[in-house]
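The values are calculated or read from the model by the stated rules, or taken from the named source; none is laboratory data. From a predicted model like this one, the values you see are computed outputs, not experimental measurements. As a convention, Cβ positions derive from the backbone with ideal geometry for all residues, glycine included, and neighbour counts pool all protein chains shown. Note: accessible area is taken over every heavy atom of the protein model, side chains too, but ligands, DNA and RNA are not part of it. Shrake-Rupley method; radii C 1.70, N 1.55, O 1.52, S 1.80 Å.
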Amino acid sequence: MLTFNGNSIQHCDRLPRRNFMQIGGLALGGLTLADLLRYEAQAKDIDKPSKKKAVILLYLAGGPSHIDMYDLKPDAPAEIRGEFKPIKTNIAGFDVGEHLPMHTTAMHQMSVVRSAYHTNAGHGMGSQWMLTGWQPTIEVNDNIFPSTGSIVAKMKGPNEPGLPAYVTLPNKTPFSKAAYLGAECNPFTPDSDPNQDGFQVRNLKLPGRVPQERLDRRRNLLGQLDQVRRDIDTKGDIVGIDKFYRDAMEMVTSDTAQKAFNLKAEDPKLRDKYGRHDLGQSCLLARRLVEAGVTFVTVQTGGGWDTHGDNFNQLKNSLLPKYDRALTTLVADLHDRGLDKDVLVISYGEFGRTPRINPQAGRDHWPGAMSVVFSGGGLQMGQVIGATNDKAEYPTEKPYTPGCVLATMYHALGIDYKHAFYDHARRPMQILNEGKPIAELV
């Protein structure tokens, strides 16, 4: 069976319709009966955009240091500005850190929002907020709210049959599950490093001991049992499980997915250009997947960004060179293939890092300011949006919340971010409960 699930990683912290008809004019959470019925009708009739839009999210888990990457403060005291010097880019007046040299000629194909922020400094709660758009109230290691990828899978499905709608690379990633949207909206993951010579997508092929004829018999038997199973289903769970198995079987019995995941088909020179490391090869694989018809890909790899100690050596010797090469090559590759208008690339973590350097030469958690990179997707590129104060502590111009970041992404995909689903308690839950698309980008 294929693997459609998510998991957590370690950081330093750790009512059916007839029931609605019976409640008459009773309101729920300030919503009238008319509101509830309208949301239920919306949930049954999702408007799927016709254009084959897609998203690649580079999730920099741990929290990247915005003040050392996109929001340098060279005039601040040494304990704030740190070791890195700014270097000019091809956007007038916009500098990046000196260990992002490939960015200097690529910024016209990107836009950076330097004024994103939220208010939670915990890895789990910050990640859940940035990956779902909803602020959690407790620290957990699993989804309370559906991940953005699961929302996209529910609203759009795959852009081509025989492929999953939602993939996480290279392994299971935190807060990537579907929560109340059901198993069919969980991500597919290869659980294998694409930089390894023996890279294989786990369970994408039939085991040798299971001939095609036997699989066909199993498929027919499942079809015969469908009606019986649905008759005893009281919560709608079986519908999701059915789709899960149908999608899995379609992937196994066709070669569409196998071709999309076949990195050996790529020119070795292009693979070198992305970088022969897990982040570079995952970004290349993500490009192959969206080009083939996957709608949403999350890439989380390349090392930990939780730089409480030795921040500057970790960044300059490992994290930034990998990231610089992988991101800029991905952006250029999408442009070269004419995919930049349809594929949106986003890069961010769960928060930024403290402006003040700690005694361990590191920077700690800082949700008060962070930078978010956008590229493509039909948005307006070549911009630097928003600003922070002289210590990169908080926004002073155009502050944007996680809801604004994700509303911009949904806008690029043609998804109504106010659309409502129902959670397990049959309460209508909008995709986002705050925020709107960033005006400068759309």
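Find the residue count for the stretch 95-142, including only residues that are under 30 Å from Ala178 (Cβ atoms) and open to solvent by 60 Å² or more (accessible area, probe 1.4 Å).
8
Are any of the residues in the stretch 97-107 closer than 30 Å to Gly293 by Cα and polar (S, T, N, Q)?
Checking the stretch 97-107: at least one residue is closer than 30 Å to Gly293 by Cα and polar (S, T, N, Q).
Matching residues to (1) open to solvent by 30 Å² or more (accessible area, probe 1.4 Å); (2) under 25 Å from Gln300 (Cβ atoms); (3) out of contact with any helix residue (DSSP H, G or I) (no Cβ under 9 Å at 6 or more places or on another chain):
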| site | (1), (2), (3) |
| --- | --- |
| Gly349 | no, yes, no |
| Gly352 | no, yes, no |
| Met381 | yes, yes, no |
| Asn389 | no, no, yes |
| Tyr417 | yes, yes, no |
| Pro428 | no, no, no |
| Lys436 | yes, no, no |
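Looking at the stretch 59-86 only, could you name the residues that are open to solvent by 50 Å² or more (accessible area, probe 1.4 Å) and hydrophobic (A, V, I, L, M, F, W, C)?
Scanning the stretch 59-86 gives a single hit, Ala78.
Any idea which of (1) outside any helix (DSSP H, G or I); (2) open to solvent by 10 Å² or more (accessible area, probe 1.4 Å); (3) not hydroxyl-bearing (Ser, Thr, Tyr) is the one Lys322 doesn't satisfy?
(1)
Looking at Pro49, Pro101, Pro64, can you tell me which residue is at pLDDT below 50 and closer than 30 Å to Val297 by Cβ?
Of the residues listed, the single one that is at pLDDT below 50 and closer than 30 Å to Val297 by Cβ is Pro49.
Quick grid of which residues meet (1) within 19 Å of Leu100 (Cβ to Cβ); (2) at pLDDT 95 or above; (3) not aliphatic (A, V, I, L, M):
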{"position": "Gly280", "(1), (2), (3)": "yes, yes, yes"}
{"position": "Val297", "(1), (2), (3)": "no, yes, no"}
{"position": "Thr307", "(1), (2), (3)": "yes, yes, yes"}
{"position": "Asn311", "(1), (2), (3)": "yes, yes, yes"}
{"position": "Lys322", "(1), (2), (3)": "yes, yes, yes"}
{"position": "Ala326", "(1), (2), (3)": "yes, yes, no"}
{"position": "His335", "(1), (2), (3)": "yes, yes, yes"}
{"position": "Asp342", "(1), (2), (3)": "no, yes, yes"}
{"position": "Val345", "(1), (2), (3)": "yes, yes, no"}
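Do you know which of the residues in the stretch 391-415 that are touching a Lys or Arg at 6+ places or on another chain (Cβ under 7 Å) and open to solvent by 40 Å² or more (accessible area, probe 1.4 Å) is farthest from Ile80 (Cα to Cα)?
Out of the qualifying residues, it is Gly414.
Only residues that are within 23 Å of Arg363 (Cβ to Cβ) and part of a loop (DSSP other than H, G, I, E, B): list them for the stretch 384-410, please.
Gly386, Asn389, Asp390, Lys391, Ala392, Glu393, Tyr394, Pro399, Thr401
Just one of Leu406, Leu319 is of a type outside the set (Val, Ile, Thr) and under 28 Å from Lys156 (Cα atoms); which is it? Let's see the steps before the verdict.
Numbers: Leu319 fails: under 28 Å from Lys156 (Cα atoms).
Being of a type outside the set (Val, Ile, Thr) and under 28 Å from Lys156 (Cα atoms) holds for just one of Leu406, Leu319, which is Leu406.
Residues in the stretch 157-168: is at least one closer than 24 Å to Ala407 by Cβ, surrounded by fewer than 24 Cβ atoms within 10 Å (Cβ to Cβ), over 18 Å from the mean Cα position of the chain (by Cα) and not β-branched (Val, Ile, Thr)?
Within the stretch 157-168, not a single residue is closer than 24 Å to Ala407 by Cβ, surrounded by fewer than 24 Cβ atoms within 10 Å (Cβ to Cβ), over 18 Å from the mean Cα position of the chain (by Cα) and not β-branched (Val, Ile, Thr).
When you scan the stretch 261-318 for helices (runs of 4 or more DSSP H) that lie fully inside it, which ones turn up with 1 or more residues that are among the polar types (S, T, N, Q) and open to solvent by 10 Å² or more (accessible area, probe 1.4 Å)?
311-314
Need at least 3 residues that are hydroxyl-bearing (Ser, Thr, Tyr) and farther than 26 Å from Lys398 by Cα per element, so show me which strands (runs of 3 or more DSSP E) inside the stretch 88-176 make the cut, counting only ones lying wholly within it.
Answer list for the stretch 88-176: none.
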